[in-house]
Amino acid sequence: MSTQNEWKERGQRAVGAATDLATGLFRGLQNIGPRIQANQYKPIVEAFCAWTGLMAAQHGRLQRTELDGFRHFMLQNREHPVFGGFPLEELLDKFRNYAIKAFLEETEIFHTVLNPIPQDSEEARLIITGCMNVIYADGHCDENERLSLEQLANRLGVNTDSMARKMGVILPAPTRPQPSTPHLSPFARSATAAPPYPATPEPQPYAAPQPYVAPPPPQAAPPPPPPPSPAARPAGGQPCTLCQGKGCVFCNQTGYKG
């Protein structure tokens, strides 16, 4: 198993190899003729600073080793045409600003800056070289860095294993499957990350509503019982003077006195 010191030594060799490899790439850029003129270097610089800044942001913060690795790369290549026309501080500011954009997950800019870069070109290999230089500045390549690098290389049509051999390092095998269509994002998401939305509950069987049954109408109050019919007038009876023959308790409801 590789120790941290071994990784550090490999990283230092990678930084030196990246500088040597970049020298060859720049010579290629000098010889490709009118396809790239001096005023066309800016898109290459933007893409280079954007993706090296993104690689530096994979740990969730911009580490000193990665910033120093970027500065070292630029100092070693100040005389070459792509970077020579840009002040060092401007390049460092671009690098930092793109790292911040990666922290803020402003994904669209990282897609856009790659549009002017031809597939499998010297410019594409230059960007991959710079990213690997930043990745190995701290001595190793972790899972997030490896996945993001492979997604970038797929987008640019560059073989990362071939580039790594030229730099004297061996990239770790990806521990997560690559998507069939590369999806570029500022961060390689963890496989155990929580889903962005809660799981949809299982659908329940549909139950038809019960038909509406109107309540019964209120019952009318029963009519009062009719008063008892007066009894037949008793023989020799006189009308009751209290109820005038209508019937009361004193005449036993007959209306007559006995």
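For the reader, a short list of remarks on this structure follows.
- When the range 82-98 is filtered for residues that are over 34 Å from the mean Cα position of the chain (by Cα), buried (at least 16 other Cβ atoms within 10 Å of the Cβ) and in a helix (DSSP H, G or I), the ones remaining, listed by number, are VAL82, PHE83.
- Qualifying position, being of a type in the set (Gly, Ala, Ser) and either more than 15 Å from THR52 (Cα to Cα) or surrounded by fewer than 21 Cβ atoms within 10 Å (Cβ to Cβ) (or both), among SER121, SER148: SER121
- In this entry, PRO172 passes the filter for residues that are more than 23 Å from the chain's Cα centre (by Cα), closer than 18 Å to GLN58 by Cβ and surrounded by fewer than 16 Cβ atoms within 10 Å (Cβ to Cβ).
- Residue tally, condition among the aliphatic types (A, V, I, L, M) and over 16 Å from GLU145 (Cα atoms), over the range 42-70: 3
- Residue in the range 196-210 that is in a loop (DSSP other than H, G, I, E, B), under 60 Å from the mean Cα position of the chain (by Cα), modelled with pLDDT under 60 and within 26 Å of LEU62 (Cα to Cα) present: yes
- Test result for PHE73, open to solvent by less than 60 Å² (accessible area, probe 1.4 Å), part of a helix (DSSP H, G or I) and out of contact with any strand residue (DSSP E or B) (no Cβ under 9 Å at 6 or more places or on another chain): yes
- Taken residue by residue, the range 164-174 has at least one member that is at pLDDT below 90, farther than 25 Å from GLN76 by Cα, in a loop (DSSP other than H, G, I, E, B) and small (Gly, Ala, Ser).
- In the range 120-150, the residues that are assigned to a helix (DSSP H, G or I), farther than 21 Å from ARG64 by Cβ and more than 28 Å from the chain's Cα centre (by Cα): GLU122, GLU123, ARG125, LEU126, THR129
- Flag if ILE117 is within 20 Å of ASN97 (Cα to Cα) and at pLDDT 85 or above: no
The values are calculated or read from the model by the stated rules, or taken from the named source; none is laboratory data. The structure presented is a predicted model; accordingly, all values stated were derived computationally and were not measured. So basically every Cβ, Gly included, is an ideal-geometry build from the backbone, and we count neighbours across all protein chains shown. For the accessible areas, the whole protein counts, side chains as well, though only heavy atoms, and no ligand, DNA or RNA atoms are used. Shrake-Rupley method; radii C 1.70, N 1.55, O 1.52, S 1.80 Å.
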